[in-house]
1. A:Gly33: under 22 Å from B:Phe145 (Cα atoms), at pLDDT below 80 and not aliphatic (A, V, I, L, M), yes or no?
2. Looking only at the range A:65-81, which residues are free of Cβ contacts under 8 Å to residues at least 24 places away in the same chain and within 12 Å of A:Thr271 (Cβ to Cβ)?
3. Hey, among the residues in the range A:126-171 that are within 9 Å of chain B (Cβ to nearest Cβ) and β-branched (Val, Ile, Thr), which one's surrounded by the most Cβ atoms within 10 Å (Cβ to Cβ)?
4. May I ask you to verify whether A:Ser194 is small (Gly, Ala, Ser), part of a helix (DSSP H, G or I) and buried (at least 22 other Cβ atoms within 10 Å of the Cβ)?
5. When both residues are 6+ apart or on different chains and their Cβ atoms are under 6 Å apart, which pairs have a first residue that lies in the range B:82-107 and is without any contact (Cβ under 8 Å) to a residue 60 or more places away in the chain, and a second that is hydroxyl-bearing (Ser, Thr, Tyr) and surrounded by 24 or more Cβ atoms within 10 Å (Cβ to Cβ)?
6. Give me a count of the residues in the range A:55-81 that are polar (S, T, N, Q) and farther than 22 Å from A:Tyr280 by Cβ.
7. Confirm whether B:Ala163 is crowded, with 17+ Cβ neighbours inside 10 Å and touching a residue at least 60 places away in the same chain (Cβ under 8 Å).
8. Mind listing just one residue for me: the one in the range A:243-265 that is within 10 Å of chain B (Cβ to nearest Cβ) and surrounded by fewer than 24 Cβ atoms within 10 Å (Cβ to Cβ) and, of those, farthest from B:Phe144 (Cα to Cα)?
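The values are calculated or read from the model by the stated rules, or taken from the named source; none is laboratory data. Quick caveat, the model's predicted, so the values are computed rather than measured. In this analysis, Cβ positions are derived from the backbone assuming ideal geometry, glycine residues included, and neighbour counts consider all displayed protein chains.
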Amino acid sequence: MLRYSLGRLLGAIPTLLLLIAFSFFMIRAAPGGPFSSERQLLPEIEANLNAAYHLDEPLYQQFGRYLWGLAHFDFGPSFQYRDYTVTELIMTGFPVSLRLGGGAILVALLFGIGAGCFAALKQNSVADHAVMAVSMTGISIPNFVMAPLLILIFAIYLGWLPAGGLGDFRSMILPIIALALPQIAYLARLTRGSMIEVLRSNFIRTAKAQGLPTWQIVLRHALKPALLPVVSYLGPATAAVITGSVVIEQIFSVPGIGRFFVTGALNRDYTLVMGVVVFYGVLIIAFNFLVDIAYAWLDPKVKYR
Amino acid sequence: MSVKAANAGIVAPQGRSLWADAWGKLKRNRAAVAGVWIIGAMAVFVIVGPWFSRWAYDFTDFANSSAGPALATGHIFGTDSLGRDLFVRTLYGGRISLLIGIVATAVSLVIGVAYGAVAGYFGGRVDSVMMRIVDILYALPFMFFVILLMVFFGRNILLIFVAIGAINWLDMARIVRGQTLSLKRREFVEAAEAQGVRPFAIIRRHIVPNLLGVVAVYVTLTIPQVILVESFLSFLGLGVQEPMTSWGALVHDGAVELESAPWMLIFPAVFLALTLFCFNFLGDGMRDALDPKDR
C-alpha cells in the first residue's frame with residue numbers, strides 16, 4: 001500500500017511540472033505585457049519596472065526563478081494589485097471558494113448517491129424514470145444557465161434567498177445548488193447503473209435469501225462495491241466544480257478565487273493567473289491522487305504495483 | 001427486457017447482426033427517437049428560420065429596445081437592450097452553437113481516432129508511452145488553458161474550434177485504443193499483415209472503418225459537451241464576437257438583464273438546454289443499444 005502510494009505520488013510530479021511549464025510559457029507567449037495596457041510609460045520607467053519584476057531576464061531564467069519561488073510556496077508579487085503578493089490574494093479568496101466548492105461536492109454526493117440508490121431499487125418504475133429524467137435535465141442545463149434561472153425564481157420572483165454576495169449561510173445556498181446540480185445528476189446516473197449491477201450479483205441474492213431487510217442489504221453489502229465508479233468520478237467532479245465555480249462566483253458576485261483568474265487574464269497579471277492555475281492544478285492533482293488511493297483501498301481487485 | 005422480447009429472442013435465433021440488433025433497440029427507445037427528431041427540427045429551424053424574419057440579426061430597432069415578447073411589434077421573443085430582435089438572434093446563435101458543436105467534435109474526432117488507433121495498433125512501448133501522455137493530460141485543468149488561449153490570442157472562431165477540439169480528444173483516444181486492441185487480433189488484419197500491407201495503411205483501411213460504430217456513439221455524446229464548452233466560453237465573454245452571437249453569449253446577456261428583461265435569458269436558455277437534452281438522450285440511447293449487457 002505504501003509503495004503504491006509513493007509510486008502514485010511520483011507519477012504526479014511530471015503532471016505538475018507539465019502544468020506549470022505549459023501555463024508559464026503560454027502566458028509569456030501571449031502578446032502584450034502587464035504594463036502595456038496602461039498609459040504610455042517612459043521607456044526608462046518601463047525598463048525599471050521590468051527590471052524590478054525580473055521581466056528583463058531571459059525566459060528560462062524567469063522560469064527557474066518562478067519554480068524556485070514555488071518550491072518555497074511563494075507565488076510572487078501581483079502585477080495588478082500592487083502591494084499584494086499572489087499568495088495573499090489566493091489566501092483571501094480560498095476560504096470562500098472552498099466553502100462554495102466543498103459545499104457543492106458534499107451536497108452532490110449526498111443527493112446524487114441517494115437518488116441513484118433510490119432509482120436502482122425501484123428499477124424501471126415510474127419513480128425511477130422520473131429520477132432519471134430529472135437527472136438528464138440536470139446534466140443538460142449548464143450551471144451558468146441554471147444560476148441566473150435560480151436567481152430569477154428564488155431571489156427575484158419569490159424573494160426567498162439573496163441573489164448573491166457574501167453574507168450569512170443563506171447567501172451560499174443558491175450558488176451551491178447551481179454548482180452542485182450537474183454533479184448530482186451525474187452521480188445519480190452513475191450510482192444507479194453500478195447499484196443495479198451489484199444488486200444482481202450472487203452475494204446480494206444470498207443476503208436476500210437469508211431474509212435481510214432491503215435497507216440493510218443496501219447499506220451493509222451493496223453500497224461499498226457500488227460506490228467504486230462514484231469514487232473514481234470524484235476526480236473529474238472536483239475539476240468540474242472548480243472550473244464551474246469561476247463562473248458561479250462571477251454570477252453571484254462571490255469574492256472567491258475565480259474572479260482573480262478572469263481579471264488577471266484580462267490584465268495580463270502573469271503571476272496572479274499563474275498562481276490561480278497552479279493552485280487549482282495542484283488541488284486537482286492532489287485530489288486525483290487521494291481518489292486513486294481511496295480506490296485502491298476500496299477495491300480488492302486493484303493490485304498495489 | 002420484457003418477457004415478450006426475451007421470448008422473441010428464443011423463437012427466432014437466426015443470426016441478427018450486432019448492428020441490426022442495436023438499430024432495433026434504438027428505434028424502440030422513445031426518448032432517443034424523439035431526440036433525433038427534435039435535433040433535426042432544431043437544425044432546420046435555425047437554418048431556415050432567419051429567412052422569414054423581418055429583421056437582420058444585427059439590426060437595431062430603437063423604437064422597441066428592451067421590449068418584451070409581443071405579437072404586435074413582431075418581436076415574438078422580444079428584443080435586447082439595443083433593440084435587436086431576439087428571435088432572429090436566438091436562431092443565429094443556434095447556427096453558431098451547432099456549427100461549433102459539429103466542427104469542434106470533428107477536430108477531436110480526427111485527433112482522437114488517429115492517436116488511439118496508432119497507440120492501440122502498435123501496442124507495446126509505443127502504446128504505454130502514448131497512453132501515459134494521455135493520463136498526464138487528463139489531470140490538467142484544460143478549461144483554464146482554453147480560457148487563457150482565448151484571452152491572449154483574441155476571439156477568433158477558428159481558434160475556438162481548435163481549442164475545444166483539442167481538449168475533447170482524450171476520451172475519444174482511450175475508447176478508440178481499446179477497440180483497436182481487440183480489432184487488431186482479428187483475421188482480416190492478420191491477412192493484411194501477411195500480405196505485407198504497411199501498418200498505417202492497415203490502420204486506415206481496416207482498423208478505422210471498423211471503429212466507426214463505437215465512434216458514432218461517442219460523437220453523439222461529444223457534441224453536447226462541445227456546445228457546452230463553447231457556451232461557457234461565450235458566457236465569460238470569450239467566445240464569438242459581437243454582433244455575431246451564440247447561445248452562450250445570449251444567455252450571458254440575459255443573465256445581465258435578468259431583472260428588467262427575463263425573456264432575454266429564458267428563450268436562449270430553453271433552446272440551449274433542449275438541444276443538449278436531446279443530444280444526451282440520443283447518445284445515451286445509442287450507447288445502451290450497443291451495450292451487450294442490456295440493462
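1. Yes, satisfied.
2. Correct list: A:Arg65, A:Gly69, A:Asp74.
3. The extreme case among them is A:Val145.
4. no
5. Matching pairs, first to second residue: B:Asp85/B:Thr79.
6. Counting residues in the range A:55-81 that are polar (S, T, N, Q) and farther than 22 Å from A:Tyr280 by Cβ gives 1.
7. no
8. So the residue we want is A:Gln250.
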